[in-house]
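The values are calculated or read from the model by the stated rules, or taken from the named source; none is laboratory data. Just so you know, these numbers come straight off a predicted model, no measurement behind them. No Cβ is skipped: glycine too gets one built from the backbone with ideal geometry, and neighbour counts run over all protein chains shown.
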Amino acid sequence: MRIKIFLVNVLLLASFFAYSQNNKTDSILSVLKAELKKEKAYDLKKEVKINQLRNHLLHTKNANFETQYYLLSQIFEEYRSFRFDSAFTYVKRMITASEQFGKKDFQTSSQILMGSILLNSGYYKEAFDAVKKVDTTNLTDKLKTDYFNLRARLYIGAAEYNNDAYFSKIYYKQSELDFKNAELATPISDFEKTINLAFLPASKKNKNLTPDFFYNFIVGQRLPEHGIAMVATRVSYAYTGEDRILFLALAAINDIRSSTKETLAIFLLGQELFKLNRTNDAYILMQQAIKNAKFYGTRNRAIQIESILPLIASKLIDEKQHEKDKILIGFLVFVIVAVVLFFLLIIYRKQILHIKANERTIKEKNSELEKVNGKLWESSRIKEGLIGLFFKTCSTYIETLDRVTRKTQHNIKLGKYNEASAILNDVQIGKEKDRFYDTLDKVFLTIFPNFILSFNALLKKEDQVWPKKGEALNATLRIFALIRLGVTDSETIAKILNYSVSTVYTYKVRVKSKALVPADDFEHKIMEIKFIDDL
């Protein structure tokens, strides 16, 4: 059984020291809370063991003292830190059996045990009465040690209970004397000597004697769970703060595992956590402590807990209310921020919509500008072509007129009138017009190379107009070519092409009537015919 306890505590030690120094107390408190959930299982296991011992005692003959006393003491040990009333009953039976069989040492040991449980339950007067009944003559060293240790603990309990500047000092002094007498009767073991090193002043303490060392030392011993709890509780008095919590939590864990209800550790741990403002944990542990005290029947402990528990509960309520206030304030701040953000989002959305509207307007304006620029550029290119044609044609005609004029004047001066007349007759206006139209057609098709295809795309196949072989443009195409160049007036077109206005009109009506698009849109479609990018 002790080997099993040893292995469990070694595992606890390993898991505990896996954490950093700052997380040690949090880690072991988490283990403690987990063990609290298993409390009923541990209690049930103890009750099963007690029932087995009681059943065995029931079938034991009263004449067999050794067996009877052994079973009574085993049941007492199970009840000793579990239930006071049952422990009291069985220790009385131990005293009675010892008296009946005349076993003085057993009777003395039982009386010391009686004083011990009376002390643990706060029956100080009754405990002192039990101590007075002990016959101190011819005591063995062990019984002397137990006797003086019990008396020393009684004086400490009385001093703490009275809490008086005068009487408490006397009790503490007597306690120190009894502890010394106990040590004289039975010298302390190496284990106790090591534990006592924890209480050395810091100036005399070896640097290796840290809280971790003592924790490791306690857990590393093959002690029963209740023994670990008692030693850890004792060592806790050598430290404060987080270090004390370390040992008290270890003690409380082992108290739970051993079903110890007369537990000082969990009460002290609750007090220490309360001092460190860990109110929630302190409240949980104090509730467990009062539950244990009432279950065991520890009057003095119950009074202590009930005096401090309202303070913890009050502080916990204040903290909870403070947390609620913080949550409420946080919620209100959140709502205010949310409302502000909502309105900012509305403003932002309006701004975005306004920006998008402006962007659309800008895009539309840019598109319009691009179209206007395109048309201006197109018009500029067309004008460049036509101006070039104009200068080229004018230059040709000027040269022709100059040549004809000089020859005619020369012949007139020489009196060669017939030859002068012949030179004038050589100027063929019709051919010049044809040459002009041919040049105009070539310039136009240079600017609009896809004009003929685009034009015919507006007509049915059977109504399409194609120039004859050797022609650049025919009369119909030339009329609409001039329209594409921006010459939309029929009279102007007629003068350029040497047609009558009615002829131009007839050509236009004839083509429009055969178009695939409405007649009113035909000239608009002609204007949409693209020109080349580069001349």
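Overview of results
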{"item": "Residue within segment 253-264 that is within 34 Å of the chain's Cα centre (by Cα), farther than 28 Å from SER86 by Cβ and at pLDDT 80 or above present", "result": "no"}
{"item": "Unmet requirement for VAL131, which otherwise passes all of (1) assigned to a helix (DSSP H, G or I); (2) crowded, with 16+ Cβ neighbours inside 10 Å; (3) in contact (Cβ under 8 Å) with a residue 24 or more places away in the chain; (4) hydrophobic (A, V, I, L, M, F, W, C)", "result": "(3)"}
{"item": "Checking THR137 against (1) over 17 Å from PHE84 (Cβ atoms); (2) surrounded by fewer than 17 Cβ atoms within 10 Å (Cβ to Cβ); (3) modelled with pLDDT of 90 or more, the condition it does not meet", "result": "(3)"}
{"item": "Hey, ILE28 at pLDDT 90 or above and under 45 Å from the mean Cα position of the chain (by Cα) or not", "result": "yes"}
{"item": "Number of the condition not met by ASP441 [criteria: (1) outside any loop (DSSP other than H, G, I, E, B); (2) without any contact (Cβ under 8 Å) to a residue 12 or more places away in the chain]", "result": "(2)"}
{"item": "Any hit, segment 355-369, residues being at pLDDT below 65 and of a type in the set (S, T, N, Q)", "result": "no"}
{"item": "Residue satisfying all of: in segment 483-512; of a type in the set (S, T, N, Q), in contact (Cβ under 8 Å) with a residue 12 or more places away in the chain and out of contact with any Leu (no Cβ under 9 Å at 6 or more places or on another chain); farthest from GLN464 (Cα to Cα) among these", "result": "ASN498"}
{"item": "Subset of segment 130-172 [over 25 Å from THR108 (Cα atoms) and either polar (S, T, N, Q) or in contact with a strand residue (DSSP E or B) (Cβ under 8 Å, 6 or more places away or on another chain) (or both)]", "result": "ASN162, ASN163, SER168"}
{"item": "Residues within segment 140-167 that are surrounded by fewer than 16 Cβ atoms within 10 Å (Cβ to Cβ), at negative phi and either over 59 Å from the mean Cα position of the chain (by Cα) or not charged (D, E, K, R) (or both), tallied", "result": "8"}
